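The values are calculated or read from the model by the stated rules, or taken from the named source; none is laboratory data. Because the structure is a prediction, the values reported are computed rather than measured. Positions of Cβ are generated from backbone atoms using ideal geometry, with glycine treated the same way; all protein chains shown enter the neighbour counts.
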Amino acid sequence: MSTEVLAASATDVQQASASAPAQSATAEKVNLLGMSRPQMEKFFEDLGEKKFRAGQVMKWIHQFFVTDFAEMTNISGKLREKLEKICEIKAPEVVHKNYSKDGTRKWVFRVGDGEGSLVETVLIPAEDKTGSRKTLCISSQVGCALDCSFCSTGKQGFQRDLTQAEIIGQLWMANYSYMEDVPVIERERSVTNVVMMGMGEPLLNYDAVLNAMRIMLDDFAYGMSKRRVTLSTSGVVPKIDQLAQDIDVALAISLHATNNELRDELVPINKKYPLEQLIAACQRYIGKDGNESARKHVTIEYVMLDGVNDHPEHAQQMIKLLKNLPSKINLIPFNPFPHAPYGRSSRNRIISFQKTLSDAGFVCTIRQTRGDDIDAACGQLVGQVADRTRRAEQWKKKVAAQNEIIRSQG
């Protein structure tokens, strides 16, 4: 099996699909990794081939993790030669990987040309009532445009959206990491759950994220249950409504505050889409429920910030806010990063907050902090962003000014 898969992917799938049949010998090859089945079927039809070839190739790529067309033995030699000339199967380049003592794995991928930018992906293993679970936290953007005040990713600024190949490539690589030394015929998918909760706001990279999730659900690819694919958003209301029309996956909301004044500070997009609009959008999303749907409830993500959003009145506000929304609440101990303006709520404060919500009838859990020894915990994904927003530069100047004030007062 070729190991050339560890190379940067800069191909835009949709553009490539449209232009591939007319490529010259010197043109950039088409990356098949990020194509959904409809996109790949069109690609093969444009090549003059039967569209069922798409399903065959997708199985080789996503179920057997094969990147060498010569190994795709149920495809004719002539077609394999043609694909070798004009196509490739490339995940983003892994520039660093680290495995935590608790089993958490983190990869740093280089995306883009030259030195490019770096994005991070985390896999979290766990045991639950269904057995062994491996949850992969996938990034959707290089940096993040939303600048939530408690998140280290936002302090790096924003460069661009990830392509479909760069998004699905994270899942491909996480699975491949368990299968690299396993014979092709014995390989199987290891990742059981995906959460679009890594770097970036998924709904601001809508088309690429949507098609990547379609690949995750496709039986010719990863065949994941729609209940095991979760998209997390800070509250891009119009896109939540669009998502309800386009795909059935689980929805998580990065809430973090229970009134508009505080949420405006912590999650600035709230100024555009305040809590009333966000909760109404979640209710509409649940309203699209169907048989065996993933939309049974909305997961509420709530980072516990010491003295900021962890008071008893905040718990009471949450009870009122969510009373008509089927939801499960996930309390997340804050994971500090250098110069963070917040501290982590005490264990007793978090437990008290949980008890108030549980007593009110909510399913409320406290997330176990995992991977913090390799900076892989929630809110700690930083990467390296060629920041076109200049936010990282402004953040560094602000920190330097604060440090200077502290030194002068000391």
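Here are a few things to note about the model shown:
Quick grid of which residues meet (1) surrounded by fewer than 22 Cβ atoms within 10 Å (Cβ to Cβ); (2) under 16 Å from Ala360 (Cβ atoms); (3) outside the structural domain of Pro274 (by TED's automatic domain parsing):
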{"site": "Val298", "(1), (2), (3)": "no, no, no"}
{"site": "Pro312", "(1), (2), (3)": "yes, yes, no"}
{"site": "Ile319", "(1), (2), (3)": "yes, yes, no"}
{"site": "Lys328", "(1), (2), (3)": "yes, yes, no"}
{"site": "Phe334", "(1), (2), (3)": "no, no, no"}
{"site": "His339", "(1), (2), (3)": "yes, no, no"}
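- When Leu251, Leu255, Leu171 are checked against the criterion of being crowded, with 24+ Cβ neighbours inside 10 Å, closer than 28 Å to Glu127 by Cα and within 15 Å of the chain's Cα centre (by Cα), a single residue qualifies: Leu171.
- The residues of region 119-146 that are surrounded by fewer than 24 Cβ atoms within 10 Å (Cβ to Cβ) and either within 17 Å of Tyr206 (Cα to Cα) or modelled with pLDDT under 85 (or both), listed by number, are Glu127, Asp128, Lys129, Thr130, Gly131, Ala145, Leu146.
- Residue list for region 324-368, filter: without any contact (Cβ under 8 Å) to a residue 40 or more places away in the chain and part of a helix (DSSP H, G or I): Arg347, Asn348, Ile351, Gln354, Lys355, Ser358, Asp359
- Given (1) closer than 20 Å to Ser36 by Cα; (2) under 17 Å from the mean Cα position of the chain (by Cα); (3) touching a residue at least 60 places away in the same chain (Cβ under 8 Å), index of the condition Thr299 fails: (1)
- Any hit, region 329-338, residues being under 22 Å from Ile279 (Cβ atoms), over 26 Å from the mean Cα position of the chain (by Cα) and at pLDDT 95 or above: no
- Only a single criterion out of (1) modelled with pLDDT under 55; (2) part of a helix (DSSP H, G or I); (3) within 22 Å of Cys137 (Cβ to Cβ) is not satisfied by Val382, namely (2).
- Any hit, region 120-142, residues being part of a loop (DSSP other than H, G, I, E, B) and on the phi > 0 side of the Ramachandran plot: no
- Looking across region 275-296 at every residue that is of a type outside the set (D, E, K, R) and outside any helix (DSSP H, G or I), the one that is surrounded by the fewest Cβ atoms within 10 Å (Cβ to Cβ) is identified as Asn291.
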